Amino acid sequence: MRKLFAQPGFPRLFGGLSTSMLGDSVMLLVLSMWVKTLTGSNALAGLTFFFMVLPALGAPLLGVWVDRLPRKAILVWGNFASAVAVLPLVLVRDESDVWLIWLVAFLYGVSFVVLPAAVNGLLKELLPDDLLVDANSSLATLKEGYRLFGPLVGAAIFATAGGWLVAVVDATTFAVAGVLIATLKVTETPAPERHSFREDVLAGVRFLAGDRVLRHVLAGLAISILVIGFFESSIYALMDAFGKPPTFSGVFVTCQGVGAIIGGLTAGRAVRRLGEILCCALGLTVLAVATVVCIAAPTIAVVLVGAAICGLGLPWTFVAFTTLMQRRSPTHLIGRVSTAVDVLVSTPQAISLALGSLLVSLLSYRQIFAIISGVILLGALQIVLTLRDEIRQVSRGASSPRRSLLP
């Protein structure tokens, strides 16, 4: 890790990203919590996350500009724009203003497409390939670590002062992040030669379709994400089942953060030992096990244990996949590959969130969680079976994980 932070430019990038992540952790749960409080509806609260993932459906269009423009400039002005985008929340007063919350959720979703794609490109400019997994795991550890207090702080501010103050805090963190990243010095690779807009838009998807490893890992993730979105709506049904208010979901997410810190701290070592493919599948399996724990839980305390186990699996899954994507993608395509991944992952996520909002009014949370665990296991199995030769190659020690996964 010392070698990572000794790389010129990375500490400043890390500082900017950590600041914006802090605001995210305080705000994101508040959006659905706010809708639940104003409307009393679990379905409408879950629909908030649907609006947040909706922009990812147009991600390939945004990815073209991420590759054409300087990534540093995208991060600086993207953070400033995000600061402005959350401020309409100060106007929310009652149930008739729920559309404003959904509008901000949609704009948040746009930033979630553009900014991470720019970060992936900038990391490839700043770091050698062997340090990418350390950068991803350190960022994942920080992001998930904020879950220890971010949601609780957000819920506390919301309960005492109101959502408007959460919006102001979030806008401030975006602005500070933009200023910090603006001080970063980096020489970026010139933008690639432009082709027709249609060819540029489809370039990321074509790359993914032609890369056997990424294609099959993405398929397993997409299968799993098709049901993971059910959590967002059913978490409030779970709170209702144990007689807890919507704000108690902040405790659930905080416990998830405890496990995620452990997962983030161990993700780099796990990826190096197991390889990206097996580590991703193992992370999904842990998520399925955590869901089963919540199904069987007789008390809310056991549910919180399940939340911690769930947190452990998340960084293993996504650090492994992000590192795999970064290593296998050429620098001039990384923005379009990243946004293509967004659309291929967010499409089932959007379906999942919309379907979850319906299921929560028809099924108990235990029935929904049973569906989640079964489908996630199918996703993990898809990865292991289709890429078993690559996994065996790594496990035999025939080559390093990095070399065995590169073309």
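Rule-based calculations on the coordinates, nothing more; no lab input. All values derive from a computational prediction rather than experimental measurement. For neighbour counting, all protein chains shown are included, and Cβ atoms are generated from backbone atoms with ideal geometry for every residue, glycine included.
Using the Cβ atoms and a cut-off under 13 Å, what net charge is assigned to the surroundings of G154, where Lys and Arg are +1 and Asp and Glu are -1? Walk me through the numbers before you get to the answer.
Working: positive: R147; negative: D24, D170.
Charge balance near G154 sits at -1.
What is the local net charge at T317, summed over the other residues whose Cβ is closer than 13 Å to its Cβ (Lys, Arg +1; Asp, Glu -1)? Each step should come with its number before you reach the end.
Working: positive: none; negative: E144, E276.
It works out to a net charge of -2.
Pull up the cross-link candidates among the aspartates and glutamates for K72, meaning alpha carbon to alpha carbon under 19 Å and not fewer than 8 places away within one chain.
Excluding near neighbours in sequence, the set is E125, E188.
Mind checking which aspartates and glutamates have their C-alpha under 18 Å from K143, skipping anything on the same chain fewer than 8 residues away?
D24, D134, D170
Using only DSSP helix segments of four residues or longer, with each worth -39500 (n - 2.57), what per-residue ellipticity at 222 nm results for the chain after dividing by its residue count and rounding to 500? Don't skip to the answer; put the middle values down first.
Working: 19 runs with 325 residues, N = 407.
Estimated from H runs of four or more residues: -27000 deg cm²/dmol.
Of P245, L69, F158, which is farthest on the positive side of the dipole of the chain, counting Cα position, with +1 on Lys and Arg Cβ, -1 on Asp and Glu Cβ, and the Cα centre as origin?
L69
What are the ³J(HN,Hα) values, in whole Hz, obtained from phi via the Karplus relation 6.51 cos²θ - 1.76 cosθ + 1.60 with θ = phi - 60°, for each residue of segment 320-329 in sequence order, with x given for Gly and Pro?
4, 5, 4, 5, 4, 5, 4, 5, 8, 9
Per 0.36 nm of contour for each residue apart, how much would the distance between L61 and A159 grow if the chain were fully extended, relative to their Cα-Cα spacing? Intermediate values should be presented prior to the final figure.
On the way: separation 98, 0.36 × 98 = 35.28 nm, distance 3.88 nm.
Separation in residues times 0.36 nm, less the Cα-Cα distance, equals 31.4 nm.
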